[in-house]
Amino acid sequence: MVRRYLPGAAMSAEQARDYLAGQAVLDEHALDAWHGFAVQHLADDRVIGDVGVWLASDRPGAGDVGFQFHPGYHGQGYAYEAMRLFLTYVFDSLGLSQVTAGCETANSSSWGLMERLGMRRLGETGQSLRYGLTREQWAASAD
Ligand SMILES: CC(C)(COP(=O)(O)OP(=O)(O)OC[C@H]1O[C@@H](n2cnc3c(N)ncnc32)[C@H](O)[C@@H]1OP(=O)(O)O)[C@@H](O)C(=O)NCCC(=O)NCCS
């Protein structure tokens, strides 16, 4: 059920190994690439989710972010905490000027998280919502 609103199928163990090996050596500024980061729960010593950003060559300075968390760790603010740190990374370290994200209108957990993060609703198409946040908006919300 955690993948209800996500495209594609879950990875096999082998695909996951290949994916992680590729991520480990990927230049963090590489374009037309997904940059994924595992989120580890320190006390439980396990990976509970991942966050990431797609950097596209036709959208310099912008990135499309995504997130997914283990259902056993929903509703406790972990995704929010991880995404706050991740947005600091994409704006301050990667130097992006804007992030965007899309989700299905029915995925209220996803757009609820985006709104808690201060992302603004940019528009609605069919069953989908688009959200965005500029570096300036992020800086203002962090004050
Ligand atoms: C989208 C997703 C990551 C949101 O996870 P989440 O746990 O709801 O998000 P948050 O970390 O912001 O947690 C918010 C909830 O924790 C609660 N909470 C408890 N302690 C908290 C704290 N210290 N800080 C913030 N929130 C806290 C909030 O009240 C809120 O509860 P509510 O949902 O009952 O209102 C999750 O639903 C998911 O993985 N979905 C499947 C994958 C998916 O659809 N990804 C997006 C594709 S577009």
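The values are calculated or read from the model by the stated rules, or taken from the named source; none is laboratory data. Keep in mind that what you see is a predicted model, and the values were worked out from it rather than measured. Cβ sites come from the backbone with ideal geometry, for glycine too, and all protein chains shown count toward neighbours. Surface areas here come from the heavy atoms of the whole protein model, side chains and all, with no ligands, DNA or RNA. Shrake-Rupley method; radii C 1.70, N 1.55, O 1.52, S 1.80 Å.
What the table shows:
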quantity: Given the chain, longest segment not containing exposed loop trypsin sites (Lys or Arg not before Pro) (DSSP; at most 14 other Cβ within 10 Å); calculated: 5-143
quantity: Candidates Ala30, Ala13, Ala21: whichever shows maximal mean-square fluctuation once the chain is modelled as a Gaussian network with Cα springs under 10 Å; calculated: Ala13
quantity: Leading residue at positive end of dipole, the chain (Cβ point charges), from Pro60, Ala82, Ala106; calculated: Ala106
quantity: Full-extension gain in nm, Gln15 to Trp34, via 0.36 nm per residue minus C-alpha separation; calculated: 5.4 nm
quantity: Computed helical MRE - 222 nm, the chain, DSSP H runs ≥ 4 contributing -39500 (n - 2.57), nearest 500; calculated: -8500 deg cm²/dmol
quantity: His74 accessible area, assembled protein chains, probe 1.4 Å, Å²; calculated: 100
quantity: FRET E, pair Arg116, Leu6, Förster distance 22 Å, beta-carbon r, rounded to 0.05; calculated: 0.65
quantity: GNM top mover of Ser12, Ser109, Ser97 - the chain, alpha-carbon springs below 10 Å; calculated: Ser12
quantity: Kyte-Doolittle at least 1.0, axis length at least 20 Å by Cα - qualifying DSSP helices, the chain; calculated: none
quantity: Förster radius 25 Å - calculated FRET efficiency between Ala43 and Gln23 (Cβ-Cβ, nearest 0.05); calculated: 0.55
quantity: Phi to ³J(HN,Hα) by Karplus 6.51 cos²θ - 1.76 cosθ + 1.60 over the stretch 28-40, Hz, x for Gly, Pro; calculated: 5, 9, 4, 8, 6, 9, 8, 10, x, 9, 6, 10, 9
quantity: Rounded accessible area of Asp18 (nearest 10 Å², 1.4 Å probe); calculated: 100
quantity: Rounded FRET efficiency, nearest 0.05, which uses the C-beta distance separating Ser97 from Ser128 and R0 of 22 Å; calculated: 0.40
